[in-house]
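Trainee: Attaching a single structure in structure tokens format; questions to follow.
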Amino acid sequence: MTSPSRAPLAAQYRELNARYWQGQLPPTVPRGLGFVSRAVAVYRVGMLLRNGGHGALGRFVPSTPARIQIVSLLTHEHERQVLLHEMVHCHLHFAGHRFEPGNYHDAPFVAELRRLAAAGESWATEQADAYADALRALLADRRGWASPSIYGRRS
């Protein structure tokens, strides 16, 4: 249930969609609505668990309709950041990008975070750098050598 002092997540989603994606992300629908092919249900939940039992603050689920779930006990600013993070997943999914299983923060995801950072979301720089570092390490491990800086990490 939404606290009276916090705007519904769907309203935040619409505002951020207009600001950063010019309204191109799918519209929101009420939670529990049946089959809607290009829509997103956006809501708060008490707790999230990722595969393997690790905790998460948010999750994008590419179902029908798609879902964005955000843990309910976050501060307003942290909730906004987590929502934007999940909206990046949403944007890439509906743009036709398919993530490699287990690698949901790949180069296109990092590039989108950098775009948000350039638009004024300073927190996104730190996330993009962390994911870029992890991707370089993953590639180096897979190839057995240190990979070049293909993800645009800024020193």
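Since every read-out is calculated from the coordinates, none of them should be taken as a lab result. Remember, predicted model here, so these are calculated numbers, not experimental data. For neighbour counting, all protein chains shown are included, and Cβ atoms are generated from backbone atoms with ideal geometry for every residue, glycine included.
Trainee: So what are the ³J(HN,Hα) numbers for the range 120-135, from phi and the Karplus equation (6.51, -1.76, 1.60; θ = phi - 60°), rounded to whole Hz, Gly and Pro as x?
Mentor: x, 8, 4, 4, 5, 4, 4, 5, 4, 4, 5, 5, 4, 4, 5, 5
Trainee: Taking amide hydrogens as modeled 1.01 Å from N in the peptide plane, which residues meet the under 5 Å criterion relative to Ala66, leaving out close sequence neighbours?
Mentor: Ala39, Ala41
Trainee: Of the chymotrypsin sites (Phe, Trp or Tyr not before Pro) in the range 77-145, which ones lie in a loop per DSSP and count no more than 16 other C-beta atoms within 10 Å? Please list the in-between numbers first.
Mentor: Values: sites: Phe94, Phe99, Tyr104, Phe109, Trp123, Tyr131, Trp145; in loops: Phe99, Tyr104, Trp145.
Sparse-neighbourhood loop chymotrypsin sites (Phe, Trp or Tyr not before Pro): Phe99, Tyr104, Trp145.
Trainee: Each residue of the range 86-101 in turn: what ³J(HN,Hα) in whole Hz from Karplus with 6.51, -1.76, 1.60 and θ = phi - 60°, glycine and Pro shown as x?
Mentor: 5, 5, 4, 4, 4, 4, 5, 4, 6, 7, x, 6, 10, 6, 5, x
Trainee: Now for a different question. Which of Leu73, Leu139, Leu92 comes first, and how do the rest follow, when ranked by fewest Cβ neighbours within 10 Å? Display every interim value, and only then the final one.
Mentor: Details: Leu73 11, Leu139 16, Leu92 20.
By the 10 Å Cβ count, ascending, the order reads Leu73, Leu139, Leu92.
Trainee: Roughly how many nanometres apart are two label points built 7 Å out from the Cα toward the Cβ at Thr64 and Ala95?
Mentor: Taking the two extended label points, one gets 2.4 nm.
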